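Following: one structure in structure tokens, then a few remarks.
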Amino acid sequence: MTKSPLLSLPGAVPAEGPDEGVAAHYGDLFREQRALADGTGFVDLSHRGVVTVSGADRLSWLHLLLTQHVEQLPQNQATEALILSAHGHIEHALYLVDDGTTTWMHVEPGTQDALLAYLESMKFFYRVEIADATEQYAVVYLPAGSITAVPLDWPVRETPYGRDVFVPRDELPAFAGTAAPAAGVLAYEALRIEAHRPRLGQETDHRTIPHEVGWLDSAVHLHKGCYRGQETVARVQNLGRPPRRLVFLHLDGSEVRLPGHGAPVRVAEDGEDGRPVGFITSSARHWELGPIALALVKRSTPEGATLLAEDTAAAQETVVAP
């Protein structure tokens, strides 16, 4: 685990769990959320893994492995992609950009070693070079609308919800000074949940398929084949019956405690003794919406039903249609 030097900034409170190593917040969670929503500030994501692929065959080779169409990925165009198991279950989520000579990607903290091992096992005769760049580069998030200047030679993923900047680690403190104010990962997570964007290890478990969490829109190309797990993707897409679906929850604000990852979700009319229909994947306190969450529930769960997250009442919004 890489501990960020930005934990020395005033007010920094270390994050726990999957985001250990960076700041959860800097003393004012809602102010930090508002700043990001207004297009100011930055989020330290330097705990995330960074992997690069270079070489003449990099895009055509990655095209064979990933769920996304990247064979002719335009220079500096951001995309997302997944690596699936043979049964179509999600194993890795990659956030990519190609600068013309190298494909840059960032991944969930601690997953880069397994990703590197898989990529190395698939090199065969292709002209590619794979590297773990986590020690050399840190990821920093700049919100949409940010006017913070980024050096032209730094890789950047420009997306509708902001920029992911690959910052040389030795320049991270200096860059943070130009991008201030700092916002913690709790603020980032609240805005991610609000936007219904899934996260590997939070919205996924060992049997999650892309259809369940809404990754078909951003990370899967439905008209390309030749990747592991493609048969499952095509079959479920044609049948239209993923076993589970992601929902967005507005939680009862009178409860003091947020339901954590894995907390059971039940249909409210069945009461606390009812059989769980799913579980909470992520939850947060939002500066404007109040307590919110994402949950993965059975496809058969009625769309209009009020749910219980543990003992907290929750009104649902559909993210993935049943």
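Highlighted here are the strands (runs of 3 or more DSSP E) found entirely within the range 120-172 that include at least 1 residues which are out of contact with any strand residue (DSSP E or B) (no Cβ under 7 Å at 6 or more places or on another chain), closer than 27 Å to residue 33 by Cβ and at pLDDT 95 or above: 156-159.
If the condition is being outside any helix (DSSP H, G or I) and surrounded by 22 or more Cβ atoms within 10 Å (Cβ to Cβ), then the range 54-67 contributes 66, 67.
Every residue in the range 302-314 that is surrounded by 15 or more Cβ atoms within 10 Å (Cβ to Cβ) and either modelled with pLDDT of 95 or more or within 14 Å of residue 255 (Cβ to Cβ) (or both), please.
Quick first cut of the range 302-314, residues surrounded by 15 or more Cβ atoms within 10 Å (Cβ to Cβ) only: 305, 307-310, 312-314.
Residues satisfying the conditions are 307, 308, 309, 310, 312, 313, 314.
Annotation note: of 257, 266, 285, 244, the sole residue that is under 30 Å from residue 66 (Cα atoms) and among the basic types (Lys, Arg) is 244.
Yes/no matrix, rows are residues, columns are (1) in a loop (DSSP other than H, G, I, E, B); (2) under 18 Å from residue 69 (Cα atoms); (3) in contact (Cβ under 8 Å) with a residue 60 or more places away in the chain:
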residue	(1), (2), (3)
199	yes, no, yes
202	yes, no, yes
206	yes, no, yes
211	no, yes, yes
225	yes, yes, no
228	yes, yes, yes
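Kindly establish whether residue 224 is surrounded by fewer than 17 Cβ atoms within 10 Å (Cβ to Cβ) and at pLDDT 95 or above.
When the stated conditions are applied, residue 224 does not pass them.
Residues of the range 83-117 being closer than 17 Å to residue 230 by Cα and either surrounded by fewer than 16 Cβ atoms within 10 Å (Cβ to Cβ) or not aliphatic (A, V, I, L, M) (or both), which ones? Of everything in the range 83-117, those that are closer than 17 Å to residue 230 by Cα and either surrounded by fewer than 16 Cβ atoms within 10 Å (Cβ to Cβ) or not aliphatic (A, V, I, L, M) (or both) turn out to be 85, 86, 87, 88, 89, 91, 92. Taken over the range 69-87, the criterion of being under 26 Å from residue 234 (Cα atoms) and touching an Asp or Glu at 6+ places or on another chain (Cβ under 7 Å) is satisfied by 73, 78, 83, 84, 85.
If you go through the range 278-322 and keep only what is hydrophobic (A, V, I, L, M, F, W, C) and part of a loop (DSSP other than H, G, I, E, B), you end up with 287, 289, 305, 319, 320, 321. Restricting the range 261-274 to residues that are under 27 Å from the mean Cα position of the chain (by Cα) and either at pLDDT below 95 or closer than 18 Å to residue 304 by Cα (or both), which is surrounded by the most Cβ atoms within 10 Å (Cβ to Cβ)? This residue is 265.
Could you tell me whether residue 133 is closer than 27 Å to residue 290 by Cα and among the small types (Gly, Ala, Ser)? Here the answer is no, as residue 133 does not meet what is asked.
The values are calculated or read from the model by the stated rules, or taken from the named source; none is laboratory data. The shown structure was predicted, so the numbers you read here are calculated from the model rather than taken from an experiment. Don't worry about glycine lacking a Cβ; one is built from the backbone with ideal geometry, like all the others, and counts go over all protein chains shown.
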